[in-house]
1. Might you let me know whether region 4-15 holds any residue that is among the hydrophobic types (A, V, I, L, M, F, W, C), part of a helix (DSSP H, G or I) and more than 17 Å from the chain's Cα centre (by Cα)?
2. Just to check your reading of the model, which residue among PHE73, PHE107, PHE129 is in contact with a His (Cβ under 7 Å, 6 or more places away or on another chain) and part of a helix (DSSP H, G or I)?
3. Which of the residues spanning region 86-131 are β-branched (Val, Ile, Thr) and either touching a strand residue (DSSP E or B) at 6+ places or on another chain (Cβ under 8 Å) or in contact (Cβ under 8 Å) with a residue 24 or more places away in the chain (or both)?
4. For region 93-107, which residues satisfy the criterion of being among the small types (Gly, Ala, Ser) and at pLDDT 95 or above?
Amino acid sequence: MKKYVYTLLIGYIFAFVVEIINMGIAKGLWIEMVFTVLVFYGAFILIGYWYANKTENSPWKHFVIFGVIGLLFEWFIFGMSPWSGGNFIVVLLIQLGMFSHWATVTFAPRLLLDKEHVNTSLKRRFLSFYIIGMGTVYILGFLTPHYARWSLMILGNIIVYTMLLGWYIKYINSFYKK
């Protein structure tokens, strides 16, 4: 039960950091944001927790499956599909960032709570990178004029979350080495 609570709290933190920008700052939907994160993301995190425990020896599958499920939400529920238009490179980067965000919500708790396959140094460096990266996104965002704030913060999200993919690869490699 304790591991589930920690998984839920960690997943919620990663979800709130992004949704504060997407729903709160961009649209002013603060109450809806809290409801969305607590209910929708809560269910997503619960399913991710269940899947991680069911497939303990397959973090790669866990990571890919939940990133893909998140992309399907983005494409078919939120209308952020790659075929909705735009520059191919930009669309590809957005898709990578969204994939990583959704995978992160269920996978970061696994990385941070894994005591057997990952060392404390990797966890600390992962968290430091995330805190510095998203802290920079927020600081630059609030220093930017209001009309450009959301665009800059979304770009920052995409960059930080795409770079998190490297940390997940490090974790998966260390998992299989042990």
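1. Within region 4-15, one or more residues are among the hydrophobic types (A, V, I, L, M, F, W, C), part of a helix (DSSP H, G or I) and more than 17 Å from the chain's Cα centre (by Cα).
2. Unique residue meeting the criteria: PHE107.
3. At the first step, the residues of region 86-131 found to be β-branched (Val, Ile, Thr) are 89-91, 94, 104-106, 118, 120, 131.
Scanning region 86-131 gives ILE94, THR104, VAL105, THR106, VAL118.
4. Of everything in region 93-107, those that are among the small types (Gly, Ala, Ser) and at pLDDT 95 or above turn out to be SER100, ALA103.
Residues checked against (1) in a helix (DSSP H, G or I); (2) at pLDDT 95 or above; (3) loosely packed, with under 14 Cβ neighbours inside 10 Å; (4) acidic (Asp, Glu):
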residue	(1), (2), (3), (4)
LYS27	no, no, yes, no
TYR41	yes, yes, no, no
ILE45	yes, yes, no, no
ILE69	yes, yes, no, no
GLY79	no, no, yes, no
VAL91	yes, no, no, no
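The values are calculated or read from the model by the stated rules, or taken from the named source; none is laboratory data. Model, not experiment: these values are computed from the prediction. Using ideal geometry, Cβ is built from the backbone for each residue, glycine included, and neighbour counts are taken over all protein chains shown.
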